[in-house]
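Report on the structure given below.
The values are calculated or read from the model by the stated rules, or taken from the named source; none is laboratory data. Note that the coordinates shown come from a computational prediction; the quantities given were computed from them, not determined experimentally. Here the Cβ is made from the backbone with ideal geometry for all residues, glycine too, and neighbour counts use every protein chain on show.
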Amino acid sequence: RVYAGLAHAERAQAAALRGDATHAAEAMAEADRTHAPGMAVLYPWLEQARGAVQAATGDLPAATKHLCALADRLREDGLAGHELLVLLDLVRLDQAAAPVGPTCTDGGRRTVAQRLAELSEQVDGVLPPLVARFGRAAVDGSAEALLAVADGFADRELTVYAAEATALALHRARHVRGGATGPIRERLADLLRRCDEISTPALRLLRPTLSEREWEIARLAADGVTSRAIAERLFLSTRTVENHLQRVYTKLGVTGRGELRSALRSMPGHDGADPG
């Protein structure tokens, strides 16, 4: 029974990874209700789960504030390994440049990326240097550096982290004029096939605001159905179908049908459906 709070907190984490905000919040409430007062040593896991639940509900500012405060507390308590994991969560929320932790000298504040660089020299193992590279790449905004980090995660079978780093690389590459995103989309699609029930804030960055009709037409076009055939199937004019497709291309950042299938496969499913 003394571990009930921890068990429910881990259940909340699992629901948050799936993007199931309702079950995540319910599990976190149960964690708070059942947590044994004498098991205060478990606070890192419970509070990290709380940050994940806040992110899953869409309140990223609250999640960022909570995780930054948790990182500060862990640093004060000398729990460097868990501090690194909490800072990793902040990078996953695209908050590598957020301030965290007062310095010992002038009362200034380090950024998450800077603190990760320090921890990579204090905490043993292969993960700390890789996480520090992730933080630095996220701040620099380099798609190439983010993809190299994603490869490092994938080599260690940390597939969710690899997918998120790749998604962030794709998000950054979209804003580079003339940048080729097709290969990045293919890499992300391959990673998502290995964790197809995952829906995190980093992956939701790629979810476009397509209407139901645009999704319907995009899926058919991605399967190779001609505009004329789509028009006949949906009782539309061919011109209307083409207009919808042009809006889809713009929203997805692709140039035409040749990139459409990989674009749909490289994002979390729409309303739980497989967009491919």
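Rundown of residues vs (1) touching a helix residue (DSSP H, G or I) at 6+ places or on another chain (Cβ under 7 Å); (2) within 26 Å of residue 90 (Cβ to Cβ); (3) not basic (Lys, Arg), yes/no style:
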{"position": "157", "(1), (2), (3)": "no, yes, yes"}
{"position": "171", "(1), (2), (3)": "no, yes, yes"}
{"position": "197", "(1), (2), (3)": "no, yes, yes"}
{"position": "200", "(1), (2), (3)": "yes, yes, yes"}
{"position": "217", "(1), (2), (3)": "yes, no, yes"}
{"position": "222", "(1), (2), (3)": "yes, no, yes"}
{"position": "254", "(1), (2), (3)": "yes, no, yes"}
Find all pairs meeting these conditions: Cβ atoms under 8 angstrom apart; at least six residues apart or on different chains; first residue within the stretch 238-256 and surrounded by fewer than 17 Cβ atoms within 10 Å (Cβ to Cβ); second residue modelled with pLDDT under 85.
251/208; 251/209; 251/210; 255/249; 256/249
If we take the stretch 114-201, then helices (runs of 4 or more DSSP H) inside it with 3 or more residues that are in contact (Cβ under 8 Å) with a residue 60 or more places away in the chain and farther than 26 Å from residue 61 by Cβ are 182-194
Among the residues of the stretch 8-20, is there at least one that is over 23 Å from residue 79 (Cβ atoms), part of a helix (DSSP H, G or I) and in contact with a helix residue (DSSP H, G or I) (Cβ under 6 Å, 6 or more places away or on another chain)?
yes
Can you name the number of the only condition in (1) surrounded by 17 or more Cβ atoms within 10 Å (Cβ to Cβ); (2) free of Cβ contacts under 8 Å to residues at least 60 places away in the same chain that residue 55 fails?
(2)
Suppose we filter the stretch 75-89 for residues that are crowded, with 21+ Cβ neighbours inside 10 Å and over 19 Å from residue 129 (Cα atoms); how many remain?
0
Six or more apart or on different chains, Cβ under 7 Å: which pairs go from a residue in the stretch 33-52 that's farther than 27 Å from residue 91 by Cβ to one that's buried (at least 20 other Cβ atoms within 10 Å of the Cβ)? Could you list them?
34/5; 34/8; 35/5; 35/46; 36/5; 39/5
